[in-house]
Amino acid sequence: MKVMIVVTHLLGTGHLSRALTLGRAFSQKQHQVFVVSGGLPAPQLDTTGLTLFGLPPLRSDGTHFTRLLDQYSEVADLNYMDARTEALEKALISFQPDVLITELFPFGRRALTAEFLNVLSAARALTKPPIILASIRDILAPPSKPSKAERTDEIIGQFYDAVLVHSEPSITQLSVSWPVSDLLARRLRYTGFVAPNSPEPHPDGLGTGEILVSAGGGSVGQPIFHAAIEAARKMQGHRWRLLVGGQDALARIAHLTELAEGAPVTIESVRPDFRQMLPLAAASVSMCGYNTAMDLLQTGVPAVLIPFDDGNEVEQTLRARSLAHQSGFATVANSDLNAQTLAKAVKTVLSNKRRAKMTHGVDGANKSVEISEEIWKAKQ
């Protein structure tokens, strides 16, 4: 099959990372994979076996997801958005996919509705239309009003063959965060969690005994890094390593390095071997995005979760609550975050029994391939 995945990450890189994991699973089954990314470049992510095509990139203005900026931090005007729409349609027509997957849309990315509806309509107009699937994580941002869920149902009913829900229904059902109508329920296909293979420990031993502090690949997490530096001063016997992302990473690192003078802290940019460091780490301090949660579950590393909640975001808080009952997890709300609360939480998870690595329910990428093959074959 020829598989086209369309994804736009606007703040961090989690959406793109999950889409690439899905794409690699298709590639490993000998399918041709074409990923169209509408966000800023993320060279630290693994694109092995995939063709990656970039639209004129966008990012959100912080958590204002309806205010979209171009790569030069200027507001994306109508001409810029039209160029994206045109480029996406041309990519579709050139590639002629058998399977078209939209990541998050139509459950999110409503600011990009015009370009998504255009490519969906163009797909249906192809001589040999592809099957069309939505790819969504376990927990979504709940719709702020019923009309948004109703519009999502309309689009699903008009264009989509199925919705791939990357969760285990015994752990988290979509209804936890999204109203599931009868129409939507008939389209849902639970895949299990989408995660890369469990990482092997770093061959050079990097991360051994350290407290790894991360905040994803975007320009967020500065309060976490500030608290971590001061918590490191309060805790003896551990080296802390801060991994900083975003376009402005170098400037942020310089600022944090100045703050951390004399503290047992290493500060550097996000790195592609981060997952290999986790199994060796003493503990992790992070937000609670989907991909981060998978990494923590697969490695069993003790973890302090600081859910991202800017702009009334609730997704990560809901996910953290679902994890908090397990050994080796502690949660600190952003409103309570400081050096004292972080140090206390780290000490707590270090004293807990180390959690067993999660080995079941994380094969969602391969299951997504199987479901896609089944639907495609049924339509031939």
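Observations on the model:
- Taken over the range 208-259, residues that are at pLDDT below 95 and on the phi > 0 side of the Ramachandran plot amount to 4.
- Any hit, the range 357-365, residues being within 17 Å of Leu212 (Cβ to Cβ) and either over 17 Å from the mean Cα position of the chain (by Cα) or buried (at least 18 other Cβ atoms within 10 Å of the Cβ) (or both): yes
- Selection status of Thr113, in a loop (DSSP other than H, G, I, E, B) and not acidic (Asp, Glu): no
- Within the range 327-338, residues that are under 15 Å from Leu350 (Cα atoms) and in a strand (DSSP E or B) reach partners that are at pLDDT 95 or above and open to solvent by 50 Å² or more (accessible area, probe 1.4 Å) with beta carbons closer than 8 Å, at six or more positions or on different chains, in the pairs Ala330/Thr348.
- Filter pass, Thr51 being among the β-branched types (Val, Ile, Thr) and surrounded by 14 or more Cβ atoms within 10 Å (Cβ to Cβ): yes
- The residues of the range 93-110 that are surrounded by 16 or more Cβ atoms within 10 Å (Cβ to Cβ), assigned to a loop (DSSP other than H, G, I, E, B) and over 19 Å from the mean Cα position of the chain (by Cα), listed by number, are Pro97, Asp98.
- All conditions but one from (1) in contact (Cβ under 8 Å) with a residue 60 or more places away in the chain; (2) within 17 Å of Leu88 (Cα to Cα) apply to Gln44; the one that does not is (2).
- Looking at Leu92, Leu69, Leu88, just one residue is out of contact with any Asp or Glu (no Cβ under 8 Å at 6 or more places or on another chain) and not β-branched (Val, Ile, Thr), and that residue is Leu92.
- Per the conditions (1) of a type in the set (S, T, N, Q); (2) surrounded by fewer than 16 Cβ atoms within 10 Å (Cβ to Cβ); (3) in a helix (DSSP H, G or I), the sole criterion not satisfied by Asn118 is (2).
- Subset tally (residues that are farther than 22 Å from Ser335 by Cβ, in a loop (DSSP other than H, G, I, E, B) and aliphatic (A, V, I, L, M)) for the range 271-307: 3
- Test for Asp336: is it open to solvent by 10 Å² or more (accessible area, probe 1.4 Å), more than 17 Å from Gly12 (Cα to Cα) and not aromatic (Phe, Trp, Tyr): yes
- The range 150-177, subset surrounded by fewer than 19 Cβ atoms within 10 Å (Cβ to Cβ) and polar (S, T, N, Q), residue farthest from Glu103 (Cα to Cα): Ser170
- Screening Glu261, Glu268 for residues that are more than 19 Å from Ile139 (Cα to Cα), over 18 Å from the mean Cα position of the chain (by Cα), free of Cβ contacts under 8 Å to residues at least 12 places away in the same chain and not in a helix (DSSP H, G or I) leaves exactly one candidate, Glu261.
- All of Ser37, Ser17, Ser73 fail the test of being hydroxyl-bearing (Ser, Thr, Tyr), in a helix (DSSP H, G or I) and either under 25 Å from Met287 (Cβ atoms) or without any contact (Cβ under 8 Å) to a residue 24 or more places away in the chain (or both), apart from Ser17.
- If you filter the range 183-236 down to residues that are out of contact with any Pro (no Cβ under 9 Å at 6 or more places or on another chain), among the small types (Gly, Ala, Ser) and assigned to a helix (DSSP H, G or I), you find that the one that is most open to solvent (accessible area, probe 1.4 Å) is Ala185.
- Residue selected from the range 310-326 under the condition of a type outside the set (Val, Ile, Thr) and not in a helix (DSSP H, G or I), by the criterion modelled with the lowest pLDDT: Glu313
The values are calculated or read from the model by the stated rules, or taken from the named source; none is laboratory data. Keep in mind the model is a prediction, meaning the values are calculated, not measured. In this analysis, Cβ positions are derived from the backbone assuming ideal geometry, glycine residues included, and neighbour counts consider all displayed protein chains. SASA here: full protein model, heavy atoms, side chains in, ligands and nucleic acids out. Shrake-Rupley method; radii C 1.70, N 1.55, O 1.52, S 1.80 Å.
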